[in-house]
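Report on one structure; see the data block that follows.
Every number here is computed from the coordinates shown, using simple stated rules; none is lab data. Quick caveat, the model's predicted, so the values are computed rather than measured. Virtual Cβ from ideal backbone geometry, glycine too; neighbours counted across all protein chains shown.
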Amino acid sequence: MADPAELGRALAARGVPPLAAVEWTDEIPSTSDRLKALARAGAAEWTAVLADRQTGGRGREGRAWASPAGGLYLSVLLRPRFAAVGLLPLAAGVAVAEAVAEWGIAAQLKWPNDVLLDGRKLGGVLAEASSGSGGVDWVVLGIGVNVAVTREALPPDVRDAAASLADASSVRPPVSDVAAAVLAHLRLCYDGLRADPPRIVETWRARAVDWWGELVDVETARGTLRGRMRGVDTDGALLVDLEGEESHRILSGEVRRLRRAVRG
Ligand code: BT5
């Protein structure tokens, strides 16, 4: 089990304010489930839960997040008092991309929550929130990054579309160093989000896959929409130009680029 004190020292060395509390266990069903329970019990903002492995790691829409040893499984509790909460998943993606850039890895972001390396998924973000009459009470940001996850450790249906930091770099950072880097960049992105939300959208866009203007299919709960990818608005919604409707807003979905048929 990694040592939470080691993470504390790594954050202090970076001049990052300490976490409110941190739990780091060897194995847990899901760090986000554990942190949601702590959030409901009144835990403070910047409480974090980490695990070496998850047995029930979750993605969006009930999908699973394969969580063998060698990955970063981190959940962070935030209690935002500002309006731009919808941009938190994008801000978390930026934080992950900026963190891995410290090891020379040029990750790309794909709306809404993918962190890609050469088109394969290196990490993902799961944002879950609870609101009351006074607005958003808490947000749990769950972040998974394949730091030194081997292909063999991943399920066969995930393996070919997954990437690991270890594939791309001869440097093998310890998971606790990657955790410290992600948390440090997340602090900066969170402060940036409070001060200047459009700026985070610009930063995200600069790191996003360059599919702007291209034809995409977006699978949504209400079916697949086809159009040209235009941008992301200040609520984090994807804007797609559909036939007969410009800048249609999509709040959640899966984007796939349509490749033009190559004629021989
Ligand atoms: C995500 O969901 O990408 C969000 C993943 C968030 C995981 C973190 S780990 C800490 C915290 N605790 C949790 O329980 N969850 C969070 P989504 O966009 O729905 O992507 C899920 C899809 O990614 C799956 O259906 C697989 O195709 C693929 N996938 C699963 N595990 C993967 C892995 N380890 N590496 C790359 N791709 C994976």
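Brief remarks on what is shown
- Summary of the geometry: region 194-264 and region 131-167, compared by the centres of their Cα atoms, lie 21 Å apart.
- Rounded FRET efficiency, nearest 0.05, which uses the C-beta distance separating Ala41 from Asp118 and R0 of 45 Å: 0.60
- For region 7-138, a crude dipole built from +1 on the beta carbon of Lys and Arg and -1 on the beta carbon of Asp and Glu, taken about the Cα centre, is about 160 debye to the nearest 20.
- Computed over the chain, Kirkwood Rh from alpha-carbon pairs, angstrom: 18.9 Å
- Using the Cβ-Cβ distance between Leu258 and Thr234 with R0 set to 30 Å, the FRET efficiency from 1/(1 + (r/R0)^6) comes to roughly 0.65.
- Expected 222 nm ellipticity per residue - DSSP helices of 4 or more, -39500 (n - 2.57), all of the chain, to 500: -8500 deg cm²/dmol
- HN-Hα J in Hz across region 146-159 - Karplus 6.51, -1.76, 1.60, θ = phi - 60°, x for Gly and Pro: 7, 7, 9, 7, 7, 3, 5, 7, 9, x, x, 6, 9, 3
- Span-rule helices in the chain, defined as complete DSSP H runs reaching 27 Å or more along the axis (Cα) with Kyte mean at least -0.5: 175-195
- FRET efficiency for Ala20 and Arg226, using Cβ-Cβ distance with R0 set to 35 Å, rounded to 0.05: 0.20
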